[in-house]
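So that we are looking at the same thing, I have put the structure below in structure tokens.
The values are calculated or read from the model by the stated rules, or taken from the named source; none is laboratory data. Only a predicted model underlies this, so the values are computations on that prediction, with no experimental measurement involved. Note that we place each Cβ from the backbone using ideal geometry, even for glycine, and neighbour counts take in every protein chain shown. Keep in mind that these areas ignore ligands, DNA and RNA; they rest on the heavy atoms of the full protein, side chains included. Shrake-Rupley method; radii C 1.70, N 1.55, O 1.52, S 1.80 Å.
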Amino acid sequence: MAEVSGVKRITDIGPHDYNDFLHPVIKKNYGKWKYHEILSPSHMVHVSEDGDKIYTVRVGSPRLVSSSFIKDLCDLADKYSGGYLRFTTRNNVEFLLDKEENIKPLLDDVGKLNLPAGGIGNVVANIVHTQGWVHCHTAASDASGVVKSLMDELYEYYVNAQLPTKVRIAFACCLNMCGAVHCSDIAVLGIHRRPPRLIPDRIVNLCEIPSTIASCPTNVIRPDTYNGKPSVKLIEEGCVFCGNCFTVCPGMPIADPLNDGVSIWVGGKVSNARSKPAFSKLAVPFLENDPPRWPKVVEAVKTILDAYKKGAHNGERVGEWIERIGWPKFFKVTGFEFTKYHIDDFRLGEATLNYSAQIRQ
Amino acid sequence: MSKKHKTPLLDELKKGKWPSFVNEIERAAEKSEMTDDLLGQVEQSYEEKVVHWKHGGMVGVKGYGSGIVGRFSDLPEKYPGIKEFHTVRINQPSGFFYTSDVLRSIVDIGEKHASSLFNFHGSTGDVQLLGAKTAELETIFQEYTKLGFDLGGSGSALRTPSCCVGKARCEFANYDAMHACNSITQAFQDEMHRPIFNYKFKFKFSACGNDCTASIARADLSVIGTWKDSIRIDQEAVKDYAKKFDLHKYVTDKCPTKCMSYNAEEGLKIDDSNCSKCMHCINTMPKALRPGTKGGATILIGSKAPMVSGPRLSMVLVPFYDIEEDAKNDYEWFKDLISKIWEFWDEYGVNRERIGELIQRVGIGNFIESIGLEPLPEMVASPRGNPFVLYEEYVEAGGEQG
């Protein structure tokens, strides 16, 4: 490992103090904001008790960005927002302006860089996503490519507010779910469908056997021996293809080009507004990986969005709309097939059955 | 354009209106030659529909067990530039606030010593530099600490805490989420950099029930803003909203506890004792309504993604925590609660068991008893509906206790 000689090694300093990066108007009005107003899908204003104003201009990013991309943003910030900017949890960039007259020229310059301004209000928010084939070893699908294909198609929904309320879409490339895709209006989830291959030499030499056995949610990885050494065997019928054993043990690779793909989930939310936070529920059990543009995935998400836009009341999230019309109607209006895979048979699954005679006949 | 590789499939993803990650990888490759091989490998993944990164591999910097995630190509001879292409997690400032100066310095280090490719930000919150060679890690680390930035968490450690924008730019904030996040991160540097836990542990701080950090879905400990007193009402502004839309249809009828009513003469009336702080009315009429002034937080525990025993949401642990008061005391009460939770997890948890799974396994009653909290009706949606109760005592004939 390279050592830099003569330099005192600094450790455990923790995150940089955010106070060093706050716009003076934000510093002055910290905790004293009175209200905000959404002026367009690309910008909003926050007004303080003293009447001070800070304008936020929101711009979409592809999350995976070059140093040059960041320097483009820095140049815009220097020109229009005194050098102050921030990011959102959904990978948007926000320029913080104290001069209203700077909004228009900033938006013009954002347009010249071919970046989308939007994402505020009743829009499809920027899709949060994982690393995929670009930078992860457990991915069942790419992430950036599917998201790029989706956002190209949904672009108008990001830059123009034209939905009943906000729609949050998330993508995770395997069941590890780096990000909260399990509570999204629409979630696209990379899945495997074939049990892991067991490579005994690697299992014996590289894997800790007890943690490999413990990694299985359905307890179908069992102790075994190989050449007299502790190993594992797999009861394939009970495998739910989660890939957790591979995360623990490199001797059980699960990726398989013919059987990997994505599933689509709907109706989750994290906000407490009106209804309680909720998991997303299975809509489409499997769509094959179809790079570079995953047309069937794009079509399925569009189908959900179109049905939602047509059927939901103003202010209803996707899950609230489905609760109101009922799941049978959701499958009817989307045309998705309801299969035995949609009926939950895992832990807590019993709670999802219909214990009533309340049916929209 | 890649200099070395033909990438017809990826080139398709340079088309369309949304900014393209392929363009970004290419721009990074203009600054860092090594990144050109990433285009080749990802193109091959697109052809073969399979990933080409090897499993794991331990790398790091001296004295730290986390913050760097090892990443090795499984085709190192074909793509030597990304033979080692590790992730460096850099702890973000609270609220993701930056100046252009510091951002330029952050990405300059990536240009000089690594791939020039970043995530702003990773799902947990860190700035991620994707693609550093093992030999450069120590230099990169020292460059970042000189700039005043430290590494984030990875592996079985405290993961980088994150928060919403809070009081910096949101009138909904019920407590100072950025201050709390920064202070707690500073307090537990050792737990973040040196993994000693059973598995990962995440904190997320959201200053109201809108939960912009999605803490209730993915934080082992979710700290969500709430308030004790009455919603502040500007009746004149309410009237203005009533001119714009049907207040009954879009506000009062949607209140989950039906604690509010409106008519033109009396204005908006709220029975705050029955308000569940869901935020709907405030979200809909931000110019007219604000949370009360006695802000605090609800502490919830146990949410996680599916591995191993299925996804979980966080459940209520402390209905109201006076976090602003505790902040004056450097969050002593909260840190004590955290220590008790971690002690319990250390004592009874098994390898790769998240706290939510442990609580489910041992029973919530046993858990709260062990960390010194009382059972409260706020913790449940309803009391139990089955009679299989583990009564802990019975009486013998003659009055003795069994």
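Checking A:GLY267 against (1) among the small types (Gly, Ala, Ser); (2) out of contact with any His (no Cβ under 9 Å at 6 or more places or on another chain); (3) at negative phi, which test does it fail?
Result: A:GLY267 fails condition (3) only.
Shifting gears a bit: Test A:ILE70 against the criterion of being assigned to a helix (DSSP H, G or I), at negative phi and not small (Gly, Ala, Ser), and give yes or no.
Yes, satisfied.
When you go through B:GLY110, B:GLY122, B:GLY40, B:GLY95 one by one, which is the residue that is crowded, with 24+ Cβ neighbours inside 10 Å, modelled with pLDDT of 95 or more and more than 7 Å from chain A (Cβ to nearest Cβ)?
Numbers: B:GLY110 fails: more than 7 Å from chain A (Cβ to nearest Cβ); B:GLY40 fails: crowded, with 24+ Cβ neighbours inside 10 Å; B:GLY95 fails: more than 7 Å from chain A (Cβ to nearest Cβ).
Matching residue, one of B:GLY110, B:GLY122, B:GLY40, B:GLY95: B:GLY122.
Could you check segment B:236-277 and list, in sequence order, the residues that are in contact with a Lys or Arg (Cβ under 6 Å, 6 or more places away or on another chain) and under 25 Å from B:GLY225 (Cβ atoms)? Quick ask: steps written out before the conclusion?
Taking segment B:236-277 and keeping what is in contact with a Lys or Arg (Cβ under 6 Å, 6 or more places away or on another chain), we get B:237, B:254, B:256, B:261.
Matches in segment B:236-277: B:ALA237, B:LYS254, B:PRO256.
Residues being within 14 Å of chain B (Cβ to nearest Cβ) and touching a Lys or Arg at 6+ places or on another chain (Cβ under 6 Å): count how many of those fall in segment A:228-249.
So the answer is 1.
For A:GLY51, only one of the following conditions fails: (1) more than 9 Å from every other protein chain (Cβ to nearest Cβ); (2) within 30 Å of B:GLU143 (Cβ to Cβ); (3) surrounded by fewer than 15 Cβ atoms within 10 Å (Cβ to Cβ); (4) modelled with pLDDT of 95 or more. What is its number?
(2)
Looking at (1) in a helix (DSSP H, G or I); (2) crowded, with 21+ Cβ neighbours inside 10 Å, find the lone condition where B:GLU236 falls short.
With (1) in a helix (DSSP H, G or I); (2) crowded, with 21+ Cβ neighbours inside 10 Å applied to B:GLU236, the lone miss is (2).
Of all residues in segment A:294-313, count the ones that are buried (at least 20 other Cβ atoms within 10 Å of the Cβ), within 14 Å of chain B (Cβ to nearest Cβ) and not aliphatic (A, V, I, L, M).
Number of matching residues: 1.
To continue, here is another question. Specify which of the listed residues (B:SER261, B:SER276) is among the hydroxyl-bearing types (Ser, Thr, Tyr) and either under 25 Å from the mean Cα position of the chain (by Cα) or closer than 21 Å to B:GLU171 by Cα (or both).
On the way: B:SER261 fails: either under 25 Å from the mean Cα position of the chain (by Cα) or closer than 21 Å to B:GLU171 by Cα (or both).
Selected residue: B:SER276, the only one of B:SER261, B:SER276 that is among the hydroxyl-bearing types (Ser, Thr, Tyr) and either under 25 Å from the mean Cα position of the chain (by Cα) or closer than 21 Å to B:GLU171 by Cα (or both).
Can you spot a residue in segment A:155-170 that is more than 17 Å from the chain's Cα centre (by Cα) and acidic (Asp, Glu)?
yes
Can we say B:ASN366 is in the same structural domain as B:ASP220 (by TED's automatic domain parsing) and within 27 Å of B:SER123 (Cα to Cα)? Break it down into steps so the answer makes sense when it comes.
Details: in the same structural domain as B:ASP220 (by TED's automatic domain parsing): yes; within 27 Å of B:SER123 (Cα to Cα): no.
Considered against the rule, which asks whether it is in the same structural domain as B:ASP220 (by TED's automatic domain parsing) and within 27 Å of B:SER123 (Cα to Cα), B:ASN366 comes out as no.
Looking at (1) surrounded by fewer than 19 Cβ atoms within 10 Å (Cβ to Cβ); (2) more than 9 Å from chain A (Cβ to nearest Cβ), find the lone condition where B:ASP190 falls short.
So the condition that B:ASP190 fails would be (2).
While we're looking at this one, here's another question. So which residues in segment A:18-36 are open to solvent by 60 Å² or more (accessible area, probe 1.4 Å) and at the interface with chain B (Cβ under 7 Å from one of its Cβ atoms), if there are any at all?
Residue satisfying the conditions is A:LYS34 alone.
Only residues that are of a type in the set (S, T, N, Q) and within 23 Å of B:GLY153 (Cα to Cα): list them for segment B:74-108, please.
B:THR87, B:ASN91, B:GLN92, B:SER94, B:SER105
Against the conditions (1) surrounded by 14 or more Cβ atoms within 10 Å (Cβ to Cβ); (2) modelled with pLDDT under 95, where does A:GLU350 fall short? Just the number, please.
Exception for A:GLU350: condition (1).
Exactly one of these conditions fails for B:TYR64: (1) assigned to a helix (DSSP H, G or I); (2) crowded, with 18+ Cβ neighbours inside 10 Å; (3) more than 7 Å from chain A (Cβ to nearest Cβ). Give me its number.
The single condition B:TYR64 does not satisfy is (1).
With the structure loaded, tell me whether A:CYS216 is under 30 Å from B:SER222 (Cα atoms) and part of a helix (DSSP H, G or I) or whether it fails that test. Lay out the reasoning, then the answer.
On the way: under 30 Å from B:SER222 (Cα atoms): yes; part of a helix (DSSP H, G or I): no.
For A:CYS216, the condition - under 30 Å from B:SER222 (Cα atoms) and part of a helix (DSSP H, G or I) - is not met.
Filter segment B:12-29 down to the residues that are within 15 Å of A:ASP142 (Cβ to Cβ), of a type outside the set (Val, Ile, Thr) and in a helix (DSSP H, G or I), then identify the one that is nearest to the chain's Cα centre (by Cα).
Among residues in segment B:12-29 that are within 15 Å of A:ASP142 (Cβ to Cβ), of a type outside the set (Val, Ile, Thr) and in a helix (DSSP H, G or I), the one nearest to the chain's Cα centre (by Cα) is B:PHE21.
Taking segment A:37-48 only, how many residues are of a type in the set (Gly, Ala, Ser) and open to solvent by 10 Å² or more (accessible area, probe 1.4 Å)?
Summing the residues that are of a type in the set (Gly, Ala, Ser) and open to solvent by 10 Å² or more (accessible area, probe 1.4 Å) in segment A:37-48 gives 2.
Okay, next question. Would you mention how many residues in segment A:227-243 are small (Gly, Ala, Ser) and in contact (Cβ under 8 Å) with a residue 60 or more places away in the chain?
Number satisfying all stated conditions: 1.
Using the structure shown, decide if A:PHE331 is open to solvent by less than 40 Å² (accessible area, probe 1.4 Å) and outside any strand (DSSP E or B).
Yes: the conditions hold for A:PHE331.
Restricting the search to segment B:83-92, which residues are of a type in the set (A, V, I, L, M, F, W, C) and at the interface with chain A (Cβ under 10 Å from one of its Cβ atoms)?
B:PHE85, B:ILE90
Separate question: From A:THR339, A:THR352, A:THR334, which residue is polar (S, T, N, Q) and closer than 25 Å to A:ALA273 by Cα?
The match here is A:THR352.
Sticking with this one: So, of the residues in segment A:184-213 that are open to solvent by less than 50 Å² (accessible area, probe 1.4 Å) and in a loop (DSSP other than H, G, I, E, B), which turns out to be nearest to A:VAL262 (Cα to Cα)?
Once the filter is applied, the top-ranked residue is A:HIS192.
Here's another thing I want to ask about it. Would you be able to tell me the number of residues in segment B:378-402 that are surrounded by 10 or more Cβ atoms within 10 Å (Cβ to Cβ) and not β-branched (Val, Ile, Thr)?
So the count comes out to 2.
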